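Trainee: Before anything else, here's the structure in question.
The values are calculated or read from the model by the stated rules, or taken from the named source; none is laboratory data. Note that the coordinates shown come from a computational prediction; the quantities given were computed from them, not determined experimentally. Positions of Cβ are backbone-derived with ideal geometry, glycine not excepted, and every protein chain shown enters the neighbour counts. SASA here: full protein model, heavy atoms, side chains in, ligands and nucleic acids out. Shrake-Rupley method; radii C 1.70, N 1.55, O 1.52, S 1.80 Å.
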Amino acid sequence: MELTVQQFNGKNLRIDAFVLPPKGMTAGKFRDDFRAGQVLAEHQILSGWTSIYIESMQQSFFNKKPQAIMALAYPVNTGSPNPAVVSDTQMAAAMPATENTDWDLIDKERDQRTREILREMETASNKPPAAQPTASTRPPVVAALDSVKPAPLPPSKPAAALPAAAQAPVAVADNSAQLRLEQERRAMDEEKRKMAQQLEAMTQMLAKLQQENAAAVAAAKAKEVAAAKPEPPAQPREPVTYANRKALVIGNDLYTHVPKLNNAGADADAMAKSLEAVGYKVFKHLNLDEKKFKQAIRDFRQNLSGGDEVLFFYAGHGVQLGNANYLLPTDVQGDQEDQVKDDAILLQKVLDDLEEKKTKFALAVIDACRDNPFKSKGRAIGGRGLAPTSAATGQMIMFSAGSGQQALDRLGDNDKEKNGLFTRIFVKEMIKPGLSVDRVLRNVRNEVVRLARSVGHEQTPALYDQAIGEFYFRQ
């Protein structure tokens, strides 16, 4: 037999099965009887077993649910048993097939032997044959088996009268033949009963496998349909805000007396959004003049408590005056150095305020290392970039570029990012889970250096670290 399961996607599984014919029948006769419409119980068992095998192939191979295969349990020719306990008919059926085997002759000899036994029974006794169970008391398959009768026997000749002395041995021989035939009939009835049970078990197993396979096919189709449909947009999830995490974010780019900046406001927006996503309560301000800048710092300081985790982010103009760094409000004049010192915000003062509040951890991120905004005003005030600084215990400070370096806003004319190089990398790294803050800052520095060098520019973010313990943006 060739058993094949073909899937719609072109995959297929084929098994060649070599099956023995039922006992007392050749493979050719078994096949020819089926084609001629003479369907026996053995044919039904083989057909049911084949259907179960195919369903099990689909379950095991395609549905990944291995199935135990039910045995094909009709009696078969298994070799040459002990001749002393086997009838002539069974011996003839058990003969191994060769190229010269005459199966038609074997069948004729078996039928002839059956006729001889029946004639002996008729001669030996005038009793009617033992009552057979009716079709109504037998399983359907067994009743079907009873309908398969041997060919009608030719009429037998009346037995010649024998002397009284010879009748006793004949009676003994005839009783032995009758007993043997009765044993064979009972054995056949038992085989019929077992085959009926086998058919019933096969019917139940086949129905179960077909139901499971149909469910698997339906589930696969439903999955394909679902995959073809666009998923509805996910509802935005409200970020969780932690009471002890606070951030002040300021972005200045609309200056009135010094060159304007392109993306400081966008950098502040991106930083505020990312900080909120990791649980910070954010106080964001854009384009602050001197008065509003200083007020924002005072208000933020009033909101701090001991043990808070604090972040201060500033994007805008900054300038180094002497050994100090100043953050510039939007209305800074810059005619004289002393005036700049008075109008600008001293970075160290902001850091000192955080230390006084006994914060558990404070991080200042300053993206202000751009060209000196005062270099075109006669005598230059300050220089490019910010001066090196020092962090207090429990603080970390990061500048977007090293001393004397310029922080890039873009990587070239084709760079369409709205954020500067430093900030765009920072917000991507900080939302990665499981990285400590110091690891995030080092990743930011390495990536900024790599991308800046790709366009022939040197930019190495400066990091000053005096933090104690490990802190995380997202665990």
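Trainee: Keeping the other protein chains in place, figure out the carbon and sulfur percent of the accessible area of region 251-366, with a 1.4 Å probe.
Mentor: 43 percent
Trainee: Could you tell me whether region 1-60 comes out rounded, prolate or oblate from its Cα gyration tensor? Rule is a ≥ b ≥ c as square roots of the eigenvalues, rounded for a/c under 1.5, then prolate if a/b exceeds b/c, otherwise oblate.
Mentor: prolate
Trainee: Run through region 314-362 and list the trypsin sites (Lys or Arg not before Pro) located in a DSSP loop whose Cβ has at most 12 other Cβ atoms within 10 Å.
Mentor: When the trypsin sites (Lys or Arg not before Pro) of region 314-362 are filtered for loop state and at most 12 Cβ neighbours within 10 Å, Lys358 remain.
Trainee: Leaving ligands, DNA and RNA out of it, work out the accessible area of Ser60 with a 1.4 Å probe and give it in Å² to the nearest 10.
Mentor: Approximately 40 Å² for this residue.
Trainee: While we're here: With a 1.4 Å probe and every protein chain left in place, work out the accessible area per residue of region 239-307 in Å², rounded to a whole number.
Mentor: Computed with neighbouring chains in place, this is 48 Å² per residue.
Trainee: For Lys194, list the lysines whose Cα falls under 22 Å from its own Cα; do not include residues on the same chain fewer than 8 positions away.
Mentor: Hits, sequence-local ones excluded: Lys23, Lys149, Lys208.
Trainee: For Met398, Met70, give the ranking by accessible area with the largest first, probe 1.4 Å.
Mentor: Most to least solvent-accessible, the answer reads Met70, Met398.
Trainee: Go through region 235-336 and name the trypsin sites (Lys or Arg not before Pro) that are in a DSSP coil and have 15 or fewer other Cβ atoms within 10 Å of their Cβ.
Mentor: Those that pass, being in a loop and sparsely packed, are Arg237, Lys260.
Trainee: Heavy atoms only, 1.4 Å probe, whole protein assembly: order Asp33, Asp335 by accessible area, highest first.
Mentor: Asp335, Asp33
Trainee: Sort Val365, Val225, Val76 by accessible area with a 1.4 Å probe, largest first.
Mentor: Output order, biggest surface exposure first: Val225, Val76, Val365.
Trainee: Given the Cα-Cα distance of Ile431 and Ala392 and 0.36 nm per residue of separation, how much length would full extension add, in nm?
Mentor: Using 0.36 nm per residue and subtracting the Cα-Cα distance, I get 11.5 nm.
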